[in-house]
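Computed from the coordinates by the stated procedures, all read-outs in this text should not be read as laboratory data. Bear in mind the structure is a predicted one, so any value in this text is a computation, not a measurement. Backbone-built Cβ (ideal geometry, glycine too); neighbour counts: all protein chains shown.
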Amino acid sequence: MSGGIFGVIARRIIVAFPIVVLASILVFVVLRLIPADPVAMSVPPNATRDEVEAMRRALGLHLPIHEQYWIWLSKILTGTLGNSITFAQPVHRLIGQSLPATIELVVLAAFFATIIGLAGGLLMHRLQGTAGEQAADLGSTLIMSVPEFLWAIFFILLFGVALQWFPFSGRLDPGISVPRETGFLLIDCLIAARPGVFLNALEHMLLPALALAFGTAPLLMRVLRSSLMEVAQEDYVTMARLRGLSERQILVRHAFKNAFLPTLTLMGVQFSFLFGGTLLVEVIYGYPGIGNMMVEAVRNADLPIIQGVALVYAVAVLVINLGVDVLVLLLNPKLRVAR
Amino acid sequence: MTAVRHQAAQATAAQPAAPQRTQGPWRAMLRNLRRSPRVMVGGGILAILVVCALLAPHLAPHDPNHQDLLAQLLPPAWSAEGKAEHPLGTDNLGRDTLSRLIYGARVALVVAITASLGAMVLGTTLALLAGYFGGWVDWLVSRAVELWLSFPPVVLSLILIVGFGIGLGNVILAIILVDWTRFCRVIRSEVLIVRRQDYVDAARLAGFSHFRTLWREVLPAVAPLVLTLLSLEMGIAVIVEAILSFVGMSVESTVPAWGVMIADGRRDMFQAVWGMILPIGAIIVTVLGFNLLGDGLRRALDPKLRQRVIQ
């Protein structure tokens, strides 16, 4: 146990490193298959053959693919990601501007997803054996059939267009701005001591975050329910019942704690899917995060941005998984002893 | 007997059901399937879709790409401004919504069936090899799965489609190359369990080759799980195709697809809300059909699997 949690984290980071490198190779090679010519899209339509060739050389696209990759990798190691073709700006700066917005959205969405997932799972557990069980079952199948981008559109139609309760475009109402300190808008509002703007920003994040949460929560619900069902067979639950504890006490003191762990493990996978879900949800809400940037870059065949953002996604997934693994380890004494 | 088992399966999924599976497992499963309302409803939805896709030219009232510029953004026929010749209204170019929905079922179903079968074959084959042989094969496959899972699936499919270029075949290929891991992960761990069963050893002792053991003994044991995953994967494939066509990275612009209809409808959502609601409904009903079928299969084939399939 020497080193404990930190030893585990260190080991995981060492294992993650080759995965990131392989992921970068995968992305790089796949993108070099591109049938469209990224140079042709970045020069004016009346450019001469020489100008196109000059551009190609300036971007390094005339080199063999492995040399191109080495150049990119050496840039990554120095902390830059090359220059965007369309914006003519360093990719790492563009990502730095949009990433906080996405992280903010993902954190809020993960928070909602956890609440909805746990509440739903407990509710379905409660309904077990009643007339409502079948209905809840079918309901969860129906909710599970709706992907987050359709929730996003549905919420716009319902809460944005029809009821007009919440805004559904951008991060703030037009005309409002806050000095940029951290890039995390909610934190910046607090730094600037502007509670009104804080609420406005929160309102703008509500619908996209809920859409992401609704895409994620149903599976959490189901797993929590089935692990509660499994835990109910355990001796310690029978024991507790014999000791005269009420069903509610059994749930709170014994069942939930043990049933929560499989749910938490699943959250790692689910929250990395949630990160991927921001891609479409950000586009739909005109939310200026990396997902929106990625789709824009895909439309413009801006390879440096696509590569850079893809790498950010890969790192984000690894970080989320690591975080969840550490949490599981902290919460599950059995695993701690095993290692 | 079957009825008892069915009820027991619903009441306590965690209890082992293996001892009861001695006589004619496939026939019992089939009987279970027919009694499952999920399988029946899901199958019914999908049957309707298949009919729509196959008979699209006969069912659709108009050419899905015909532009009637005098009848743009019409609401469905039941509202006051609607016209009977466009039962579900038209889009911003005056194209008939019903016809586009019916033709859109073609893309959705072709992708659902071919992409998920492809992902199934690739994922299951690798899972069988990895789980059965272990050693470096298993190491290699497991690392590949790990690498693949380091991307959110949507991001990976988008990158692949940028690399391959748009078009139906490339979309299918991209989905196969992303989603094989969904099969591989789950089935590999199942194969690890099956491999240790006595009948697998017995087959080897009886002189079966590795290939024959895999094909005749291991594959049938994991088949119900494969089938369930296949059904769920079909729903996922429909969603991924819709996402790609929503961002304009799926089929060519002349092919009507539900995701494209949503993207088109989005521009006019303040004037004509039906243009978005109808294709969204089509996607949800289709995915629901696959999920109900998958859910029903899971319950009918083996209640014990429930837990593993979900994860």
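Which order results if A:Ile71, B:Ile172 are arranged by neighbouring Cβ count within 10 Å, fewest first?
The most exposed by this proxy come first: A:Ile71, B:Ile172.
Which ordering of A:Met294, A:Met205 is given by a fewest-first count of other beta-carbon atoms within 10 Å?
Numbers: A:Met294 30, A:Met205 23.
Ordered from fewest to most neighbouring Cβ atoms within 10 Å, A:Met294, A:Met205 come out as A:Met205, A:Met294.
Once label points are set 7 Å from the Cα along Cα→Cβ at both B:Arg34 and B:Phe270, what is their separation, rounded to one decimal in nm?
It works out to 5.7 nm between the two label points.
Once amide H atoms are placed 1.01 Å from N in the peptide plane, what residues at a sequence separation of 5 or more from A:Ser145, or on another chain, have their amide H within under 5 Å of its amide H?
HN-HN under 5 Å from A:Ser145: empty list.
Taking Cα atoms, how many degrees apart are the long axis of helix A:91-127 and the longest axis of chain A, rounded to 10 and kept between 0 and 90?
20 degrees
Using the Karplus equation 6.51 cos²θ - 1.76 cosθ + 1.60 (θ = phi - 60°), what ³J(HN,Hα) coupling, rounded to whole Hz, does each residue of segment A:319-332 give in order, writing x for Gly and Pro?
For segment A:319-332, the Karplus curve yields 5, 4, 4, 4, x, 5, 4, 4, 4, 4, 5, 5, 8, 10 Hz.
Within chain B, what is the longest stretch that has no GluC sites (Glu not before Pro) placed in a DSSP loop and near at most 14 other beta-carbon atoms within 10 Å? The partial results should precede the final answer.
Details: sites that count: B:Glu81, B:Glu85, B:Glu252.
Formally, the longest exposed-site-free interval is B:86-251.
I want to check the label-to-label distance for B:Arg216 and A:Arg241. Put each point 7 Å from Cα in the C-beta direction and report it in nm to one decimal.
Reported label-point gap for B:Arg216 and A:Arg241 is 4.7 nm.
Which ³J(HN,Hα) values, rounded to whole Hz and listed in residue order, are derived for segment B:281-292 from phi using the Karplus coefficients 6.51, -1.76 and 1.60 in 6.51 cos²θ - 1.76 cosθ + 1.60 with θ = phi - 60°, glycine and proline given as x?
Values per residue, Gly and Pro as x: x, 4, 5, 4, 4, 4, 4, 4, x, 5, 5, 4 Hz.
For the pair A:Leu127 and A:Leu163, how long in nm is the line joining their label points, each one 7 Å along Cα→Cβ?
Placing both labels 7 Å along Cα→Cβ, they lie 2.0 nm apart.
Helix B:153-164 against the longest principal axis of chain B: what's the angle in degrees, Cα atoms only, rounded to the nearest 10?
70 degrees
Grab the Cα-Cα distance for B:Arg143 and B:Leu93, subtract it from 0.36 nm times how many residues apart they are, and report the gain in nm with one decimal.
Numbers: separation 50, 0.36 × 50 = 18.00 nm, distance 4.91 nm.
Full extension from B:Arg143 to B:Leu93 adds 13.1 nm.
Convert each backbone phi in segment A:240-251 into a coupling constant with the Karplus relation 6.51 cos²θ - 1.76 cosθ + 1.60 (shift: θ = phi - 60°), then list the ³J(HN,Hα) values in order as whole Hz, x for Gly and Pro.
4, 5, 5, 6, x, 6, 6, 4, 5, 5, 4, 4
I want the local charge near A:Ala209. Using Cβ-Cβ distances under 14 Å, sum +1 for each Lys or Arg and -1 for each Asp or Glu among the other residues. Present the calculation step by step, with values, prior to reporting the outcome.
Working: positive: A:Arg171; negative: A:Glu104, A:Glu148, A:Glu203, A:Glu282.
Counting the neighbours of A:Ala209, the net charge comes to -3.
Find out how many positive minus negative residues lie around A:Ser246, taking Lys and Arg as positive, Asp and Glu as negative, among other residues whose Cβ is under 14 Å from that of A:Ser246.
Working: positive: A:Arg126, A:Arg241, A:Arg243, A:Arg248, A:Arg253; negative: A:Glu247.
Around A:Ser246, the surrounding residues sum to +4.
Exactly which chymotrypsin sites (Phe, Trp or Tyr not before Pro) in segment A:159-189 are in a DSSP loop and have at most 15 other Cβ atoms within 10 Å?
Numbers: sites: A:Phe159, A:Trp165, A:Phe168, A:Phe184; in loops: A:Trp165, A:Phe168, A:Phe184.
Counting only loop positions with at most 15 other Cβ atoms within 10 Å, the chymotrypsin sites (Phe, Trp or Tyr not before Pro) in segment A:159-189 are A:Trp165.
Under a GNM of chain B (C-alpha, springs under 10 Å), which listed residue has the highest mean-square fluctuation: B:Arg298, B:Arg188, B:Arg204?
Between B:Arg298, B:Arg188, B:Arg204, it is B:Arg204 that shows the largest mean-square fluctuation.
Rounded to the nearest 500 deg cm²/dmol, what is the calculated helix-only ellipticity per residue at 222 nm for chain A, with -39500 (n - 2.57) per DSSP H run of length n ≥ 4?
On the way: 15 runs with 246 residues, N = 339.
Calculated mean residue ellipticity at 222 nm is -24000 deg cm²/dmol.
Cut-off is 10 Å between beta-carbons; in what order do A:Thr278, A:Thr130, A:Thr80, B:Thr254 appear when sorted fewest neighbours first?
Values: A:Thr278 32, A:Thr130 10, A:Thr80 15, B:Thr254 7.
Going from least to most buried by this count: B:Thr254, A:Thr130, A:Thr80, A:Thr278.
Fully extended, how many nm does the chain gain between A:His62 and A:Glu181 (0.36 nm per residue separation, minus their Cα-Cα distance)? Don't skip to the answer; put the middle values down first.
Numbers: separation 119, 0.36 × 119 = 42.84 nm, distance 4.03 nm.
Full extension from A:His62 to A:Glu181 adds 38.8 nm.
What is the helix-to-structure angle for B:168-195, meaning the angle in degrees between its Cα long axis and the longest Cα principal axis of chain B, kept from 0 to 90 and rounded to the nearest 10?
For helix B:168-195, the angle is close to 20 degrees.
Taking amide H positions as placed 1.01 Å from N in the peptide plane, with prolines and chain starts having none, which residues 5 or more places from A:Asn83, or on another chain, fall under 5 Å of its amide H?
Answer set, sorted by chain and number: A:Val91.
Calculate the FRET efficiency for A:Asn46 and B:Arg204 from the Cβ-Cβ distance with a Förster distance of 51 Å, rounded to the nearest 0.05. Spell out each step's value before the answer.
Numbers: r = 71 Å, r/R0 = 1.39.
For R0 = 51 Å, the calculated efficiency reads 0.10.
Given springs between every Cα pair under 10 Å in a Gaussian network model of chain B, which of B:Pro152, B:Pro224, B:Pro75 has the largest fluctuation?
It is B:Pro152.
For a quick check: with amide H placed at 1.01 Å from N, whose amide H comes under 5 Å from B:Thr90's, ignoring anything fewer than 5 positions away on the same chain?
Placed amide hydrogens put B:Leu73, B:Leu74, B:Thr97 under 5 Å from B:Thr90.
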